[in-house]
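The values are calculated or read from the model by the stated rules, or taken from the named source; none is laboratory data. Keep in mind the model is a prediction, meaning the values are calculated, not measured. So basically every Cβ, Gly included, is an ideal-geometry build from the backbone, and we count neighbours across all protein chains shown.
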Amino acid sequence: MEEMGVENGAGTGPVPWPDDGRGNGGGEIAPLVDPELCSRMRTIRRTLHRYPELAGHEERTAALVAGELARLGIGCRTGLGGGTGILATLGRQAGPCVALRADMDGLPIRELTGLDFASTRDGIMHACGHDGHVAMLLGAAALLQQTALPGRVVLLFQPAEEAGTGAAAMIRDHVLDGVDMIFSGHIDTHHPVGFLIVDDGLICSYTDPFAIRIHGRGGHAARPHEAVDSVVVAANLVMNMQTLVSRQIDPSHAAVVTVGRIEAGTVHNAIAENALLEGTVRSAHADTRDSILGGLRRVIHGASDMCNAEIELEFFDGLPAVVNDPGATAIARHAAAAVVGTDQVISQGQPSLGGEDFAFYQQRVPGCMIRFGGQVTAGKAGPAHSSRFDFSEDVLGYGAAWLATVARLALQRLAAR
């Protein structure tokens with residue numbers, strides 16, 4: 001493992017274990033994350049951060065994971081999920097089986113954090129915390145090695161979460177065979193370190209990517225009456241689409257329509273014949289989703305008639321909503337309380353409009369995803385998916401501890417059925 005030799009203000013002491021109100025103050029369930037393991041996870045995170053890889057191309061990341069597992073004496077299957085996914089197994093074959101998942105890929109974003117361990121690959125960075133997720137799961141593997149397990153724990157290191165394709169590809173490679181329950185977590189910089197965010201039910205939204213292709217009629221900028229201006233049509237569509245949420249959706253139901261890319265024209269003094277809009281619909285309720293998708297079709301049909309332009313709408317495969325199973329969530333909440341105490345186990349409130357392909361696992365087996373508070377208290381770190389994203393590395397110990405704790409507790413509960 002390459003040592004970065006860099007400190008980032010991360011704590012090096014053990015993660016504390018407050019009493020959870022059930023007599024587990026010393027960690028009957030929760031393992032202790034010692035300074036050596038915290039340092040190891042920090043080094044892993046920084047190495048991955050310096051060498052990020054895009055969805056489906058996580059070769060170096062996968063090699064690092066396999067090497068760390070080998071160092072721990074844990075065997076693994078490689079080449080899964082399209083080529084870079086990894087499955088490792090702990091415990092005994094008899095009894096129940098619980099899976100833990102971490103995502104591995106970075107994003108096509110140019111890093112501007114100024115960190116000493118910033119990305120060395122221009123135009124690619126870890127802007128969503130997946131480097132931390134990998135480090136946490138490897139830390140959890142080390143913790144689980146230290147205890148007898150009443151069953152089997154499967155560790156899933158998944159590629160291509162940002163593309164929305166990795167989970168489905170892993171499932172096609174039978175990683176859920178024999179799995180009774182699955183858990184995962186995501187770093188969230190909206191919350192302080194030491195807080196774990198646990199909710200049952202819907203926590204992440206439906207995502208529906210779309211493309212709109214406008215075909216007008218080109219012409220001279222000085223003679224617009226001879227043309228059909230695709231730029232004007234595109235501008236009207238962008239504005240009118242916003243009314244789908246502001247005027248047609250129940251204000252208590254979270255939803256958003258975002259156009260993230262516009263392409264049109266080739267020169268300043270010509271009316272563009274064609275335009276392309278690309279965007280996404282996010283919605284937290286099935287009926288809201290149906291209403292917006294239907295409304296988008298109506299808006300486009302109206303714009304086509306009004307402007308005399310040909311307009312095509314195409315929806316791409318999106319992600320289902322992440323819906324936490326009540327039984328799995330109860331175990332996740334108990335584990336969280338064992339790690340940080342009941343006062344620091346909180347709710348996120350309204351569902352997030354972010355998407356997560358963890359939802360595909362939950363369609364097959366009961367599962368729960370939580371959030372790990374990772375707020376940076378100094379500097380000006382940006383939000384997720386921004387060029388200045390960062391998180392406090394103190395979160396790594398809490399994440400590893402929760403993953404190990406929830407796996408052991410889930411096995412105990414499943415074995416007692």
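Take ASP394 and decide whether it is more than 21 Å from GLY201 (Cβ to Cβ) and either assigned by TED's automatic domain parsing to the domain that holds ILE187 or of a type in the set (Gly, Ala, Ser) (or both). It is true that ASP394 is more than 21 Å from GLY201 (Cβ to Cβ) and either assigned by TED's automatic domain parsing to the domain that holds ILE187 or of a type in the set (Gly, Ala, Ser) (or both). Starting from residues that are touching a helix residue (DSSP H, G or I) at 6+ places or on another chain (Cβ under 9 Å) and among the small types (Gly, Ala, Ser), keep the ones in region 190-229 and report whichever is farthest from MET369 (Cα to Cα). Among those that are touching a helix residue (DSSP H, G or I) at 6+ places or on another chain (Cβ under 9 Å) and among the small types (Gly, Ala, Ser), it is GLY219. Given the condition more than 30 Å from GLY341 (Cβ to Cβ), surrounded by fewer than 19 Cβ atoms within 10 Å (Cβ to Cβ) and of a type in the set (A, V, I, L, M), answer yes or no: does some residue in region 151-164 qualify? The answer is yes; a qualifying residue exists.
The rows are residues; the columns are (1) out of contact with any Asp or Glu (no Cβ under 8 Å at 6 or more places or on another chain); (2) modelled with pLDDT under 95.
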site: THR288; (1), (2): no, yes
site: ILE311; (1), (2): yes, no
site: GLY327; (1), (2): yes, no
site: GLN344; (1), (2): yes, no
site: GLN350; (1), (2): yes, yes
site: VAL365; (1), (2): no, no
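Looking for something modelled with pLDDT under 95, over 13 Å from ILE214 (Cβ atoms), surrounded by fewer than 19 Cβ atoms within 10 Å (Cβ to Cβ) and touching a strand residue (DSSP E or B) at 6+ places or on another chain (Cβ under 9 Å) - is there at least one such residue anywhere in region 268-286? Scanning region 268-286 turns up at least one residue that is modelled with pLDDT under 95, over 13 Å from ILE214 (Cβ atoms), surrounded by fewer than 19 Cβ atoms within 10 Å (Cβ to Cβ) and touching a strand residue (DSSP E or B) at 6+ places or on another chain (Cβ under 9 Å). Of all residues in region 219-233, those satisfying the criterion of being without any contact (Cβ under 8 Å) to a residue 60 or more places away in the chain and part of a helix (DSSP H, G or I) are PRO224, HIS225, GLU226, VAL231. Of all the residues in region 288-327, those that are assigned to a helix (DSSP H, G or I), in the same structural domain as GLU162 (by TED's automatic domain parsing) and either surrounded by 14 or more Cβ atoms within 10 Å (Cβ to Cβ) or touching a His at 6+ places or on another chain (Cβ under 8 Å) (or both) number 1.
Considering region 51-65, the residues that are part of a helix (DSSP H, G or I) and touching a residue at least 40 places away in the same chain (Cβ under 8 Å) include one that is surrounded by the fewest Cβ atoms within 10 Å (Cβ to Cβ), namely LEU64.
Those strands (runs of 3 or more DSSP E) of region 66-183 that lie entirely within it include none in which at least 3 residues are charged (D, E, K, R). Residues in region 188-218 that are β-branched (Val, Ile, Thr), crowded, with 24+ Cβ neighbours inside 10 Å and in a strand (DSSP E or B): 3 in all.
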